[in-house]
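Everything below concerns the one structure shown next.
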Amino acid sequence: MNTESFYQQLQEICPGRRTLTRDVDLLPYESDALVAFSTKPAAVVLPESAEEVVAIVKVCYAAGVPFVARGSGTSLSGGSMPIKDGVVIALNRLNAIKHIDPEQRTAVVEPGVVNLHISNAVKQYGLYYAPDPSSQSICTIGGNVAFNSGGAHCLKYGMTSNHVLGLKVVLPDGEIVEFGSESLEGMGVGPDLIGLFVGSEGLFGIALEITVRLLPIPEQYKTVLAGYDTLEKAGDAVSAVVASGLLPGAMEIMDRLALKAAEAAVKTGYPEGAAAVLIVELEGESQQVEREFEHLVNVIEGSGAFEIQVAQNEAHRAKIWKGRKGAFSSVGRLSPDYIVQDGVVPRSQLGKALAEIEKVSNSYGLQVANVFHAGDGNLHPLILYNGREQGALEHAEALAGEILAICIKLGGTLTGEHGIGIEKRDYMPQLFSETDLDAMYAIRNRIDDKGIANPGKKLPGGEAPALKMHGMHPLEKAGIISRE
Amino acid sequence: MTGAIESCVHCGFCLAACPTYSVLGEEMDSPRGRIYLMKNVLEGTLEAEQAQPYIDRCLGCMGCVPACPSGVAYGDLLTSYRAKIESERSRPLLDSVTRRMIIETLPYPSRFRAAAKMGKLGKLVQGVLPDQLSGMLNLVPERLPPPVNLPNLIPAQGEKRARVAFLTGCVQTVLAPNINQATVALLSANGVEVVIPDSQGCCGSILSHIGEEGRAKTLARNNLNAFAQIDGEIDAIITNAAGCGSGMHEYGLLFKGDPEETAAEAFAHKVKDITVFLDELGLVPLPKNQPERRVAYHDACHLAHAQGVTDPPRNLLNAVPNLTLLELNDGGLCCGSAGTYNLEQPEIAAQLGERKAQAIVDTGAEMVVMGNIGCFTQVETHLAKMGKQLPVMHTVELLAQAYR
């Protein structure tokens, strides 16, 4: 490849300050919200239209240069981390909400639109966009689609994939395709290609336009905090709530360490002295919520909670959620570095999983803060370490690996919502058989024959390829997988 | 500085609260990007000069501070970094001239008054001046109000409920002396005795904000002395300018390790924004026969973000009968004025000014109030550009009027 002419082509598509190649401009793009990994890209481009994105992808394809799309860079799995010598396509300026249909309850948005901005824009119609990642105030919908992002309220409403009705996508070779349709009725004809694309972590191309489904804003919320003297009791309470027939909007748990960090950040007044706090939010029509609330209080009282608080008003509720949603970052107050894990276990195994995690962290001599979507068994252990100490990161990563192994052993999986990215890539063979992985590679190679769309993420296999990848897959070479 | 840098976990929550990120959409122009650049400069892996344009573009609005779950002390980091770099850098000639004008005139009312008058002459040749100087001239008012001399002691009306000292400030005494008049009238009407030390001057915050630490200290030292000479106890040192309040709260940091440190901390502890003081004291009931008013409240960054003062001004305004308080739907982003920012970064400042004006107009308000003189000209200018001549007032002006 002629490097000069490649940059020149990028410059022609994104002139002037919209193609960045100087060190000072590339450094801040080195990593996303997972700082344990970083790679400096060759260039960052800032397209302002879908046409420009397509042109950039075509230029990359022709030159065999890898690329990664990036929104606000909030990925916790390194999903938007640059590829070495590759191009970062920053989509922040594609941030138009193109169409809102209040009757159909749909909106068509560009990938750089911030998650929460959709809800803000449709509030006037009494609607909102349900999936609520903790970073919803800044994360973009393009990234949500790529990683099938979840959030606290996905317990009741499902993940991003349940809210995407249509997609316009540029494939890695520059072809534009459309999946789904702009209405609910269009679903269900032919294979679920949206299901294939959502959560593909950028391996199948870049979403240019996303049709999302909107829901009516619940008439009433009731947010309950229950304090427990052990983490296990809180975990068991979750199963008890579900077994009683309730389906709350959200059920979250924070342990002592996470509470300490969150309290320092927002001064919410979580129950004092609790080893764990369970947050349960009921939402829906007022009458129903009131009756569910009575029922919920009975269940929680029976689960050994020592204190029950109810959010007094909207401001108090907002504060409870601010503490919960900022919990990961507030752990930055307790420790210079941490790894967030995202493993999932069956709900019934929550108590057991937490006890095992505690045991193994103690044996590693590392502190672990737990804050998680308890309702769907999605754990978020935060492993605290100091990156300045020699070997500390490796030690913490080894513990992370053991925690994931516990999740798999208990019948769970590697990720609930953060994605595999660069971070959990090498654990894939623990969960999937050779045949499974082979099938995944076959699909990927069919869609991206040059392996240029976010290579080195999600699928296991050695180094991220620098410029191009031909021939046998590294895992094949290593004898781990085979096409026979 | 390392503490602040280490506590950043790169989560990106600050991006939503950053005005330059919202305008430019680039990682380098975000708080976490700037922290990363400062880190690389301090570690020697990047030349300071390369990073400087991005650091210079930071408004210092502190919007990212309350947005940061990890508690990064961005303000302290930025002030320390700017002070360190400023002592080492060389600026292009035009920048130096602009900066020199700011440093030598703004903090001194008599010089600023003279400069403003000269600025009127400058307008005659504005067309041939470089953009930066021309932008400065745009901010020179057509007419300066006559100077007002406040007495050294304003007695409390009715029962005396408190005794305070008052910082009259620098720019404000020239551009809008009526705000100070309203402040003392409001305090007096609420049973507060006001002491105004003669020898006080600029608090130095505006210089500290642009990295001129040495000069800032000289001015601050003068005020430490001036207020120390007050006879008898005072309950608070009152300011009605958000920038001054936030700067004076940082006196402890400014004099860290100096002989004045203890005195500076004691001073900082006494400093209160007028709205905080009155909200805590409780307003004497207002006359009931007030006109119907629809009022938008604009959060000045140095009040809302730097000092966390958002409720007190709203509480006071809500206490005015027949007043409907309207909220801006713009996430509290900076108006772009930010001290000397509209002089140093006119393009971004203008975009932010337009957004702010639009957000104000969208509320349907008849007037807009705020707690910082710094935002006045910016908001007025951009409302005028939209053809909206809404009255722009300081919170105390509206309250003082309501007592008349």
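Quick check, is A:GLY375 without any contact (Cβ under 8 Å) to a residue 12 or more places away in the chain and either of a type outside the set (D, E, K, R) or within 28 Å of A:SER239 (Cβ to Cβ) (or both)? Answer is no for this residue. Checking every residue in region A:122-133 against the condition of being among the small types (Gly, Ala, Ser), open to solvent by less than 10 Å² (accessible area, probe 1.4 Å) and closer than 30 Å to A:LEU246 by Cα gives at least one match.
Scanning region A:261-304 for residues that are of a type in the set (D, E, K, R), buried (at least 16 other Cβ atoms within 10 Å of the Cβ) and away from chain B (no Cβ under 14 Å) turns up A:GLU281, A:GLU283, A:GLU292.
Yes or no, residue by residue, for (1) in the same structural domain as B:ALA349 (by TED's automatic domain parsing); (2) more than 26 Å from B:LEU207 (Cα to Cα); (3) modelled with pLDDT under 70:
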{"site": "B:ILE103", "(1), (2), (3)": "no, no, no"}
{"site": "B:ARG113", "(1), (2), (3)": "no, no, no"}
{"site": "B:MET118", "(1), (2), (3)": "no, no, yes"}
{"site": "B:GLY122", "(1), (2), (3)": "no, no, yes"}
{"site": "B:VAL125", "(1), (2), (3)": "no, yes, yes"}
{"site": "B:PRO130", "(1), (2), (3)": "no, no, yes"}
{"site": "B:PRO145", "(1), (2), (3)": "no, no, no"}
{"site": "B:GLY158", "(1), (2), (3)": "no, yes, no"}
{"site": "B:THR168", "(1), (2), (3)": "no, no, no"}
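Here B:THR105 passes the criteria (1) touching a Leu at 6+ places or on another chain (Cβ under 8 Å); (2) away from chain A (no Cβ under 14 Å); (3) surrounded by 18 or more Cβ atoms within 10 Å (Cβ to Cβ) except the one numbered (1).
Quick check on my filter: what residues within region B:38-70 are over 22 Å from B:SER208 (Cβ atoms) and more than 21 Å from the chain's Cα centre (by Cα)? Matches in region B:38-70: B:LYS39, B:ASN40, B:GLU43, B:GLY44, B:THR45, B:LEU46, B:GLU47, B:GLU49, B:GLN50, B:PRO69, B:SER70. Quick check on B:ILE206: is it touching a strand residue (DSSP E or B) at 6+ places or on another chain (Cβ under 7 Å), surrounded by 21 or more Cβ atoms within 10 Å (Cβ to Cβ), modelled with pLDDT under 95 and assigned to a helix (DSSP H, G or I)? When the stated conditions are applied, B:ILE206 does not pass them. Taking region A:21-41 as the range and being crowded, with 22+ Cβ neighbours inside 10 Å and of a type outside the set (Asp, Glu) as the test, the residues that pass are A:LEU27, A:PRO28, A:TYR29, A:SER31, A:ALA33, A:LEU34, A:PRO41.
For region B:245-257, give me each residue that is open to solvent by 40 Å² or more (accessible area, probe 1.4 Å) and in a loop (DSSP other than H, G, I, E, B). Residues satisfying the conditions are B:GLU250, B:LYS256, B:GLY257.
Scoring A:GLY332 on the criteria (1) open to solvent by less than 10 Å² (accessible area, probe 1.4 Å); (2) more than 14 Å from chain B (Cβ to nearest Cβ) leaves a single failure, condition (2). When each of B:VAL97, B:VAL41 is tested for being open to solvent by 30 Å² or more (accessible area, probe 1.4 Å), among the aliphatic types (A, V, I, L, M) and not assigned by TED's automatic domain parsing to the domain that holds B:HIS302, the lone residue that passes is B:VAL97. Counting only helices (runs of 4 or more DSSP H) wholly contained in region A:296-392, the ones carrying 3 or more residues that are hydrophobic (A, V, I, L, M, F, W, C) and not assigned by TED's automatic domain parsing to the domain that holds A:LYS233 occupy A:350-364.
Highlighted here are the helices (runs of 4 or more DSSP H) found entirely within region B:14-60 that include at least 1 residues which are among the small types (Gly, Ala, Ser), facing chain A (nearest Cβ under 7 Å) and within 23 Å of B:THR340 (Cα to Cα): B:31-42, B:48-56. On inspection, B:ALA349 qualifies as buried (at least 21 other Cβ atoms within 10 Å of the Cβ) and assigned to a helix (DSSP H, G or I).
Every condition in (1) over 14 Å from A:VAL87 (Cα atoms); (2) touching a residue at least 12 places away in the same chain (Cβ under 8 Å); (3) touching a helix residue (DSSP H, G or I) at 6+ places or on another chain (Cβ under 7 Å) is met by A:VAL24 except one, and the failing one is (2). Pairs meeting the criteria (first residue in region B:1-13 and facing another protein chain (nearest Cβ under 7 Å) and in contact (Cβ under 8 Å) with a residue 40 or more places away in the chain, second residue surrounded by fewer than 21 Cβ atoms within 10 Å (Cβ to Cβ) and not in a loop (DSSP other than H, G, I, E, B), beta carbons under 7 Å, at least 6 apart or on different chains) are B:SER7/A:ARG333. If you filter region B:61-76 down to residues that are in a helix (DSSP H, G or I) and either at the interface with chain A (Cβ under 8 Å from one of its Cβ atoms) or aliphatic (A, V, I, L, M) (or both), you find that the one that is least open to solvent (accessible area, probe 1.4 Å) is B:ALA67. On the given criteria, is B:GLU27 surrounded by fewer than 16 Cβ atoms within 10 Å (Cβ to Cβ) and more than 22 Å from the chain's Cα centre (by Cα)? Considered against the rule, which asks whether it is surrounded by fewer than 16 Cβ atoms within 10 Å (Cβ to Cβ) and more than 22 Å from the chain's Cα centre (by Cα), B:GLU27 comes out as no. Of A:ALA107, A:ALA90, all but one fail to be more than 14 Å from chain B (Cβ to nearest Cβ), open to solvent by less than 40 Å² (accessible area, probe 1.4 Å) and touching a residue at least 12 places away in the same chain (Cβ under 8 Å); the exception is A:ALA107.
The values are calculated or read from the model by the stated rules, or taken from the named source; none is laboratory data. Note that the coordinates shown come from a computational prediction; the quantities given were computed from them, not determined experimentally. Because the Cβ atoms are built from the backbone with ideal geometry, glycine has one as well, and the counts that use them run over all protein chains shown. To get the accessible areas, we keep the full protein, side chains included, count just its heavy atoms, and leave off ligands, DNA and RNA. Shrake-Rupley method; radii C 1.70, N 1.55, O 1.52, S 1.80 Å.
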